[in-house]
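For reference, the structure is listed below as structure tokens.
Rule-based calculations on the coordinates, nothing more; no lab input. The structure presented is a predicted model; accordingly, all values stated were derived computationally and were not measured. All Cβ positions, even for glycine, are placed from backbone atoms using ideal geometry, and neighbour counts span all protein chains on display.
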Amino acid sequence: MQAILGSIVLIIICGGIGGFAAWALVTTLGVDGTSGAVLAAIVGMIIAVAAFAGLTTLLRALRWLK
């Protein structure tokens, strides 16, 4: 149960990181409308997955996760 809760917390954190980064990129580029939403979704998902992979690798190396 603890592993599931840890994964849920990491998913929420990484989703927030990806969402914020995508919003910042789209805002900086000045893209709006449907194209901005699609770009934000794609970039946000890529960053969130990369952050999740990096954080789980780091936490496993520190032996905080199994």
For this session: Would you mention how many residues in segment 1-36 are part of a helix (DSSP H, G or I) and more than 16 Å from the chain's Cα centre (by Cα)?
Result: 11
Seminar exercise, completed: Going through segment 2-23 in order, the residues found to be surrounded by 17 or more Cβ atoms within 10 Å (Cβ to Cβ) and free of Cβ contacts under 8 Å to residues at least 12 places away in the same chain are none
Exercise. Hey, among THR34, THR57, THR28, which residue is of a type in the set (S, T, N, Q) and surrounded by 11 or more Cβ atoms within 10 Å (Cβ to Cβ)?
Worked result: THR57
For this session: Assess whether LEU62 counts as being surrounded by 11 or more Cβ atoms within 10 Å (Cβ to Cβ), out of contact with any Phe, Trp or Tyr (no Cβ under 7 Å at 6 or more places or on another chain) and under 17 Å from ALA3 (Cβ atoms).
Result: no
Exercise. Any idea which residue in segment 14-30 is nearest to THR56 (Cα to Cα), counting only those that are touching a helix residue (DSSP H, G or I) at 6+ places or on another chain (Cβ under 6 Å) and among the β-branched types (Val, Ile, Thr)?
Worked result: ILE17
Seminar exercise, completed: Scanning segment 24-41 residue by residue, those without any contact (Cβ under 8 Å) to a residue 12 or more places away in the chain and either over 21 Å from LEU55 (Cβ atoms) or of a type in the set (D, E, K, R) (or both) turn out to be THR27, THR28, LEU29, GLY30, VAL31, ASP32, GLY33, THR34, SER35, GLY36, ALA37, VAL38
